[in-house]
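Here's the structure we're looking at; comments come further down.
None of the figures in this text is laboratory data; all of them are computed from the coordinates on show. Being a predicted model, the structure only gives us computed values, none of them experimental. Quick reminder, even Gly has a Cβ in these numbers, built from the backbone with ideal geometry, and neighbours come from all protein chains shown.
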Amino acid sequence: MNVSTRWATERDVPFLGEVVLLASRSHLPRGVWDLALPDDELRRRFLERLLVTGEASWCHWTKFRVAEVDGIPAAALSGYAEDEAGMLGEDEAIATAFAAVGLDATAQAAVFANIGPFLTCVMPPIGTPWIIEWVATLTPYRRRGLVDLLLREMLDEGRRRGRGRGQIMVIGGNVTAQRAYERVGFVMHEARYTPAFEDLLGARGLHRLSQRLG
């Protein structure tokens, strides 16, 4: 097995769309994007549009590193800081991508209402950290250490950029993912649980982990 890593290119967008969907599902049968856009084709087009919207965002292809196995993209994750130049806010990026796939303002409002309970557990960053997001491995390539490798590389990237703290969030109950993050130095910082989140997804809420990078 030959494993290599690299920064994503725009050609990776369809693969990254699958990564983002898998990451959003965590250990659950459905994630926030499944609930937002139940139609598979529309959801796929939206995620691919989100990955190319603007110059950069928390879900833009330029923020991803990819692990390949024998030349085949197998895992990926993103790393970014919200205060970087040119970054679109999450709401703006989502709204722009929705419009690009033909959802008008009324339809967009309905989607945001559907996923509103998810946002009840989203926590603002601690200062201006280096944030890891959208961590996932395609099923045939799991348990090969790909995420561990990518996490270490992306944390090193945060250090190179002078960030003093790393941060990641995980849906509560995803023990496998949380242990993977703890292996590379993350520790539990706080949790947020709400009945609305649990009613929506079937998990209590979100855990935020952090670590010093200096």
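Below, the figures for the structure above:
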{"read-out": "Whole-percent pair-distance distribution, where bins are 5 Å wide, for the alpha carbons of the chain", "value": "1, 7, 15, 19, 21, 19, 12, 4, 1, 0"}
{"read-out": "Translational diffusion of region 1-124, µm² s⁻¹ [Kirkwood Rh, Cα pairs; Stokes-Einstein; 10 °C; 1.306 mPa s]", "value": "104 µm²/s"}
{"read-out": "Net charge over other residues, Cβ less than 13 angstrom from the Cβ of residue 179 (K, R count +1; D, E count -1)", "value": "0"}
{"read-out": "Expected-Rg normalisation [2.2 N^0.38 Å, Cα atoms] applied to region 143-214", "value": "1.22"}
{"read-out": "Extension gain, residue 176 back to residue 128 (0.36 nm per residue minus Cα-Cα distance, nm)", "value": "14.6 nm"}
{"read-out": "Net charge, residue 100 excluded, C-beta distance under 9 Å - Lys, Arg +1, Asp, Glu -1", "value": "+2"}
{"read-out": "Residues whose placed amide H lies under 5 Å from that of residue 3, excluding near-sequence neighbours", "value": "70"}
{"read-out": "Mean residue ellipticity (222 nm) of the chain, computed from DSSP H runs ≥ 4 via -39,500 (n - 2.57), nearest 500", "value": "-12000 deg cm²/dmol"}
{"read-out": "Approximate spin-label separation residue 113-residue 183, in nm, with each point projected 7 Å along Cα-to-Cβ", "value": "4.4 nm"}
{"read-out": "Value of relative contact order over the chain, rounded to a whole percent, pairs C-alpha under 8 Å and six or more apart", "value": "22 percent"}
{"read-out": "5 angstrom amide H check on residue 56, placed H, neighbours 5+ away", "value": "88"}
{"read-out": "Positive minus negative residues near residue 66 (Lys, Arg vs Asp, Glu; Cβ under 10 Å)", "value": "0"}
{"read-out": "Whole-Å distance, taken between Cα centres, linking region 28-62 and region 95-148", "value": "7 Å"}
